[in-house]
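The values are calculated or read from the model by the stated rules, or taken from the named source; none is laboratory data. Since we're looking at a predicted model, the values are computed, not measured. Here the Cβ positions follow ideal geometry from the backbone for every residue, glycine too, while neighbour counts run over all protein chains shown. Surface accessibility is based on the protein's heavy atoms, side chains included, excluding ligands, DNA and RNA. Shrake-Rupley method; radii C 1.70, N 1.55, O 1.52, S 1.80 Å.
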Amino acid sequence: MSRNATNQLLQKARKSKSDEFYTQYCDIENELQHYTKHFKDKVVYCNCDDPNTSNFFRFFANNFKKLELKKLIASCYKDSCYDLFQIGETENGFYCEYNGETDHDGNPVTAKKINFNGNGDFRNKENIELLKQSDIVVTNPPFSLFREYVAQLVKYDKQFLIIGNINAITYKEIFELIQKNKVWLGVNLGRGISGFIVPEHYELYGTEVSVDADGNNIIATNNCLWLTNLEIAQRHEDIILTKKYFGNENNYPKYDNCDGINVNKTQDIPIDYQGIMGVPITFLHKYNPEQFDIVKFRKGNDDKDLSINGKCPYFRILIKNKRLQKIS
């Protein structure tokens, strides 16, 4: 499947509000290994997760003692959950609390299942009460509600690690949080997230689809990211710059409506330019707030899209280098 085709599937899910893309265990494991220091004595809340099937719940239950968690909570929306003891959908959403119990074989045991009065939507009062009790939220929230979801986490001052579409960083609300250094991108991005489990009724074709060992259909969208406010070492590492602006001005055209230059690739950021530069949005994956200032997103001085010779390049983030250097 081409990237455009997989993007269309994501857009279709967004418009229908089905959001039926489920995270693989391997992708959770690959990302969470960078955050282990944050979880000791913490309550983790997976608030978009059926504990019967969620790989987020499975990961934290399997690693409960290793991470030294205090408690694990997972809550389930009624339209996507199934009763633990009966066939068919439940009338209400529910949540499970896990405190590290295991059976005689050492396997995690879900200790407590409690039905909600409502449908288990993360915006409901019951779910918000669980959110207030938690320390860190980790999940794959509905892409169609991503702005609202992040706003709730910020409102209740929660730490979090969540998956979203790369386009989410172009949302005004999300970009402002990044610009203010309140949230940032996680370690894995794009092809660093290997793919999502989708229901059997999804149409599958092309080279970007597969079936895993458990018979699950996998779509590799290659356009998702992790968004977090948990500290990681990566975001304090400088981008190594080797290119020069002076003597190579033709490689860096100026914008029509902004006193700045266009840089097509992050690795092409010049080491000796002190003014404003427009860089691709993927720059944020390498962004070190101690090395660069984020000035603005997408717009020129006239508040219109940045343009070069009357044409608009791809979305650009306007930045300035805090560590201007001269190279001979």
Failed criterion for PHE283 (all others in (1) open to solvent by 30 Å² or more (accessible area, probe 1.4 Å); (2) under 17 Å from GLY190 (Cβ atoms) hold): (1)
Enumeration of residues in region 153-191 that are of a type in the set (Gly, Ala, Ser) and surrounded by fewer than 18 Cβ atoms within 10 Å (Cβ to Cβ): GLY190
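For the structure I just gave you, tell me whether VAL211 is of a type outside the set (Asp, Glu), without any contact (Cβ under 8 Å) to a residue 12 or more places away in the chain and out of contact with any helix residue (DSSP H, G or I) (no Cβ under 6 Å at 6 or more places or on another chain). Give the derivation first.
Details: of a type outside the set (Asp, Glu): yes; without any contact (Cβ under 8 Å) to a residue 12 or more places away in the chain: yes; out of contact with any helix residue (DSSP H, G or I) (no Cβ under 6 Å at 6 or more places or on another chain): yes.
Yes: the conditions hold for VAL211.
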Evaluation of ASN257 against (1) out of contact with any Asp or Glu (no Cβ under 6 Å at 6 or more places or on another chain); (2) open to solvent by less than 40 Å² (accessible area, probe 1.4 Å) (one fails), failing number: (1)
Counted residues, region 243-272 - those being under 23 Å from GLY310 (Cβ atoms) and part of a strand (DSSP E or B): 4
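Answer yes or no as to whether LEU225 is under 16 Å from PHE21 (Cα atoms) and at pLDDT 90 or above.
Working: under 16 Å from PHE21 (Cα atoms): yes; at pLDDT 90 or above: yes.
Answer is yes for this residue.
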Every residue from region 260-280 that is touching a Pro at 6+ places or on another chain (Cβ under 6 Å) and open to solvent by 70 Å² or more (accessible area, probe 1.4 Å): none
Pairs, first acidic (Asp, Glu) in region 255-281, second outside any loop (DSSP other than H, G, I, E, B) and open to solvent by 20 Å² or more (accessible area, probe 1.4 Å), C-beta under 7 Å, six or more apart: ASP256/ILE308; ASP259/ILE276; ASP268/LYS243
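Quick check on region 86-93. Is at least one of its residues at pLDDT 95 or above and not in a helix (DSSP H, G or I)?
Applying the first criterion (at pLDDT 95 or above) to region 86-93 yields none.
Within region 86-93, not a single residue is at pLDDT 95 or above and not in a helix (DSSP H, G or I).
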Subset of region 220-251 (residues that are in contact (Cβ under 8 Å) with a residue 24 or more places away in the chain and over 30 Å from ILE136 (Cβ atoms)): LEU241, THR242, LYS243, LYS244, TYR245, PHE246
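Quick one: count up the residues across region 215-242 that are of a type in the set (A, V, I, L, M, F, W, C) and assigned to a strand (DSSP E or B). Can you show your working first?
Filtering region 215-242 down to residues of a type in the set (A, V, I, L, M, F, W, C) leaves 218-220, 224-227, 230, 232-233, 239-241.
Next, only the ones that are assigned to a strand (DSSP E or B) stay: 218-219, 224-227.
Final tally of qualifying residues: 6.
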Residue under evaluation ALA74, criteria (1) closer than 19 Å to ASN127 by Cα; (2) over 21 Å from the mean Cα position of the chain (by Cα), criterion not met: (2)
Yes/no for GLU290 being charged (D, E, K, R), open to solvent by 50 Å² or more (accessible area, probe 1.4 Å), in contact with a helix residue (DSSP H, G or I) (Cβ under 9 Å, 6 or more places away or on another chain) and at pLDDT 95 or above: yes
Flag for VAL150 being touching a residue at least 60 places away in the same chain (Cβ under 8 Å), assigned to a strand (DSSP E or B), under 17 Å from CYS48 (Cα atoms) and open to solvent by less than 60 Å² (accessible area, probe 1.4 Å): no
Output for region 228-254, where each listed residue is open to solvent by 20 Å² or more (accessible area, probe 1.4 Å), in contact with a Phe, Trp or Tyr (Cβ under 9 Å, 6 or more places away or on another chain), of a type in the set (A, V, I, L, M) and closer than 30 Å to PHE21 by Cβ: none
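Quick check: anything in region 296-316 touching a helix residue (DSSP H, G or I) at 6+ places or on another chain (Cβ under 7 Å), without any contact (Cβ under 8 Å) to a residue 60 or more places away in the chain and open to solvent by 10 Å² or more (accessible area, probe 1.4 Å)? Show your work before the answer.
From region 296-316, those touching a helix residue (DSSP H, G or I) at 6+ places or on another chain (Cβ under 7 Å) are 297, 315; that's our starting set.
Okay, now just the ones that are also without any contact (Cβ under 8 Å) to a residue 60 or more places away in the chain, so none.
So far as region 296-316 goes, no, none of its residues is touching a helix residue (DSSP H, G or I) at 6+ places or on another chain (Cβ under 7 Å), without any contact (Cβ under 8 Å) to a residue 60 or more places away in the chain and open to solvent by 10 Å² or more (accessible area, probe 1.4 Å).
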Top-ranked residue of region 27-49 - restricted to ones that are farther than 16 Å from VAL137 by Cβ and either surrounded by 17 or more Cβ atoms within 10 Å (Cβ to Cβ) or at pLDDT below 95 (or both), ranked as farthest from the chain's Cα centre (by Cα): HIS34
